[in-house]
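Colleague: Quick one: the structure is below, and I'll ask about it shortly.
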Amino acid sequence: MTYDEAYVERAIEVQNANNARLLGLPGVRRVALGCKEVDGVSTDRLAIRVHVTRKRAAASVAAEELIPATIDGIPVDVIDPAREARVEPVSALAPVPGAVMTSGMFSDSSLRSEVQRPVIGGVQLMSAAFIRPEFPNKGAHAAGGTLGCLLWDRDHHERGYVLTCQHVIDSDGQAFVDRGDTKVGSPDTQTKSTCCGTDNIIGVYLDGAHPGGQSDQAVVTLRAGMRWQPRVLEVGRIPVHTPVQRADLVTLMTGKGQVRKRGARTGLTGGIIAEINGTDGTAFFAIRIRPNNNPAARSGDRLVFADKGDSGAALVDDDNRVLGIVTARFKSGGEGGDSLPEGDGIERISGRALPINRVLQNLHTIFDHRTPPLTLRLEVAMSNSDAEVFTVPGGGSTVAVPAELAPLVDTATFLGGRDPDGAVRAPVGRAWFTADGPTPDRLAAVRRALEPTVVGGRLTAFWDRHQRELMALINNDRRVTLAWHRGGGAAIFQALVRMMSQPDLALPETISGTPVAVCVDRLAATLAQRGSPALAEDLRGLQAIMPDIGGRTVPELLVAFGAEPVELAAVGARSGGGAQPGRSPGAQTAGGVGARASGDGAEVDRG
């Protein structure tokens, strides 16, 4: 059965007008618009669905508590969670299964390790934001979620923006974020980067709305020079299509059409739209998605459409039209939700999404209420070509490379250039090289050589203890950032990165005429001044025993640290010397690897 926009809008209007009264009845947990069920079978008839704790016979319910069969001509259906009809998707594509979560996986919240360039949707997203001190058990940084899809400026399509959830950016308001200043990255958790090393910073937080009943969306402005595509990992290109309306959602729902999402936690999953315009009195306009069956699921498992860490993922149909963004999953029965194990012993837990038209409407309202108003108008970015790549205007900032390092970096893999006077310049806050970075095997070999020594052991312990703070200072504290770039820190680090892959290269004795040891001491002084007391104390202890690193190769540095030399050329060489797909291996420009990101930092029912 097909419903036109006018009928859908009237049904929603009737539902909205009666939500409060229905939710006020004993045992009612949620009200939404969905398909009426008859004798345990889902039909294509649109109805107001009233979810109750337990369905009772009408004779046992007081007259004033009875739920009517119709309201203003719109059918009403009472839904018992233990008896909700199971529906298989009707799809031209093979059904994509839901994600099976065992009890151990359900308590875990680690995200998938992947960095995609050009920037696309469906991968991890993390803000470089500190958690507020009143939340000491939430870790040091916002934990991240999923980069949903790309948006563009309606009048300037090359200007790309990232769409996600606000609670992904600020951990449900528990992290400090600043509009136009907080950096956001798509980090690789395999290399344990905490918003990364600045090579994985993709932009800055533009604006958003704190999670609430009617909103949970945020926008990130991609930085100048960033390349991006209207595509979602494992889903594909977002084609040119007309904006999706609520009638389109109803057509999908009544026709049992398949929907999908690709999240940083559970990857690609499929399901069907069970309801739209859902509310429990705290959340509104929600799309509820029931997960597709998964042949790998067994009795005792939980089957989900989304889990913590998938927040922000784009919800699409089989034609890859963007329908909304995933904001949460419903709570399991064990968490106080209304889902229960079904006859096969599998508990099927729905996901929740916010419709894309509501998301964009919310963003434009936020922009209009800024002072002065922001005239930006965003749309879902689309393309009819798999090969089309957009580049954000502007090349980004660069910094002069010290003359001593110019021969070291001016290679075919260097991402910088030369100014009109011929001086070599390198990117600021981005990778310097496209390839030739150290492999994990080489890094591990160097660490194994260092750890047994007095100096090396102190150095590795210092990194393990302070890596998060160091990365945050370099990325976010402007005084430290200036000292890092102007004082030679970035140049020394990039030289060491390249030396790890080419052990015959030596670090210069001076940087811009200043001895390397002096550069290091000056940077340490700035870090001690701007960092925590614990960082300052450990820096002083490390400086007292550190040898001079200037003029030495990596093997010579190991000897200076008291370690046995390592034959790096035989360890973990890259095949062909090329980069790994989707990342710049030599590009961790702010000090190596940081802490692993996990989860989206939200409550247990966040998606």
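The values are calculated or read from the model by the stated rules, or taken from the named source; none is laboratory data. What you see is a predicted model; the values in this text were computed from it and never measured. Glycine gets a Cβ as well: all are built from the backbone with ideal geometry, and neighbour counts include every protein chain shown. We work out accessible area using only protein heavy atoms, side chains counted, and drop any ligands, DNA or RNA first. Shrake-Rupley method; radii C 1.70, N 1.55, O 1.52, S 1.80 Å.
Colleague: Could you list, in sequence order, the residues of the range 222-267 that are among the small types (Gly, Ala, Ser) and under 20 Å from Arg49 (Cβ atoms)?
Modeller: Matches in the range 222-267: Ala247, Gly255, Gly257.
Colleague: The conditions are (1) open to solvent by 10 Å² or more (accessible area, probe 1.4 Å); (2) of a type outside the set (Gly, Ala, Ser); (3) assigned to a loop (DSSP other than H, G, I, E, B), and Asp307 fails exactly one of them. Which is it?
Modeller: Status for Asp307: all satisfied but (1).
Colleague: Turning to a different aspect of this structure: Please work out which one of (1) open to solvent by 10 Å² or more (accessible area, probe 1.4 Å); (2) not in a loop (DSSP other than H, G, I, E, B) is the condition Val220 fails and give its number.
Modeller: (1)
Colleague: In the range 479-511, what residues are assigned to a loop (DSSP other than H, G, I, E, B), among the hydrophobic types (A, V, I, L, M, F, W, C) and open to solvent by 30 Å² or more (accessible area, probe 1.4 Å)?
Modeller: Scanning the range 479-511 gives a single hit, Leu505.
Colleague: Do we find that Ala525 is free of Cβ contacts under 8 Å to residues at least 60 places away in the same chain and part of a helix (DSSP H, G or I) in this structure?
Modeller: For Ala525, the condition - free of Cβ contacts under 8 Å to residues at least 60 places away in the same chain and part of a helix (DSSP H, G or I) - is met.
Colleague: Quick one: in the range 176-186, of everything that is touching a residue at least 60 places away in the same chain (Cβ under 8 Å) and not in a loop (DSSP other than H, G, I, E, B), which residue is least open to solvent (accessible area, probe 1.4 Å)?
Modeller: Top of the filtered list is Gly185.
Colleague: So for the range 248-263 (the condition being under 16 Å from the mean Cα position of the chain (by Cα) and either surrounded by fewer than 24 Cβ atoms within 10 Å (Cβ to Cβ) or under 21 Å from Lys36 (Cβ atoms) (or both)), does at least one residue qualify?
Modeller: The answer is no, given that none of the residues of the range 248-263 is under 16 Å from the mean Cα position of the chain (by Cα) and either surrounded by fewer than 24 Cβ atoms within 10 Å (Cβ to Cβ) or under 21 Å from Lys36 (Cβ atoms) (or both).
Colleague: Next up: Checking Asn320 against (1) farther than 26 Å from Val8 by Cβ; (2) modelled with pLDDT of 95 or more; (3) touching a Lys or Arg at 6+ places or on another chain (Cβ under 9 Å), which test does it fail?
Modeller: Status for Asn320: all satisfied but (1).
Colleague: Something else now. Taking Gly270, is it open to solvent by less than 10 Å² (accessible area, probe 1.4 Å), at pLDDT below 95 and farther than 21 Å from Ile48 by Cβ?
Modeller: When the stated conditions are applied, Gly270 does not pass them.
Colleague: Which pairs do you get when a residue that is within 18 Å of Gln245 (Cα to Cα), found in the range 1-25, comes within reach of a residue that is surrounded by 14 or more Cβ atoms within 10 Å (Cβ to Cβ) and among the basic types (Lys, Arg), reach meaning Cβ atoms under 6 angstrom, with the pair 6+ apart or on two chains?
Modeller: Pairs found: Val8/Arg246.
Colleague: Right, something else. Looking at (1) polar (S, T, N, Q); (2) more than 18 Å from Asn292 (Cα to Cα); (3) open to solvent by less than 70 Å² (accessible area, probe 1.4 Å), which one does Ser91 not meet, given that it meets all the others?
Modeller: (2)
Colleague: Still on this structure, I have one more. Identify the residue in the range 99-119 that is open to solvent by 50 Å² or more (accessible area, probe 1.4 Å), at pLDDT below 70 and touching a strand residue (DSSP E or B) at 6+ places or on another chain (Cβ under 9 Å) and, among all such residues, is farthest from Ala306 (Cα to Cα).
Modeller: Among residues in the range 99-119 that are open to solvent by 50 Å² or more (accessible area, probe 1.4 Å), at pLDDT below 70 and touching a strand residue (DSSP E or B) at 6+ places or on another chain (Cβ under 9 Å), the one farthest from Ala306 (Cα to Cα) is Ser113.
Colleague: Here is a further query. Among the numbered criteria (1) within 23 Å of Ser339 (Cα to Cα); (2) open to solvent by 80 Å² or more (accessible area, probe 1.4 Å); (3) in contact with an Asp or Glu (Cβ under 8 Å, 6 or more places away or on another chain), which one does Val50 miss?
Modeller: (2)
Colleague: Please identify the pairs in which a residue from the range 54-72 that is more than 14 Å from Leu22 (Cα to Cα) has its Cβ atom under 8 Å from the Cβ atom of a residue that is outside any helix (DSSP H, G or I) and charged (D, E, K, R), counting only partners at least 6 apart or on another chain.
Modeller: Arg54/Asp80; Lys55/Asp80
Colleague: Moving on to the next point. For the range 158-175, which positions are over 16 Å from Ala264 (Cβ atoms) and in a strand (DSSP E or B)?
Modeller: Passing the criteria: Glu158, Arg159, Gly160, Tyr161, Ala175.
Colleague: Of the residues Gln190, Gln174, Gln124, Gln166, which single one is modelled with pLDDT under 85, of a type in the set (S, T, N, Q) and under 15 Å from the mean Cα position of the chain (by Cα)?
Modeller: None of the other options fit; the residue is Gln190.
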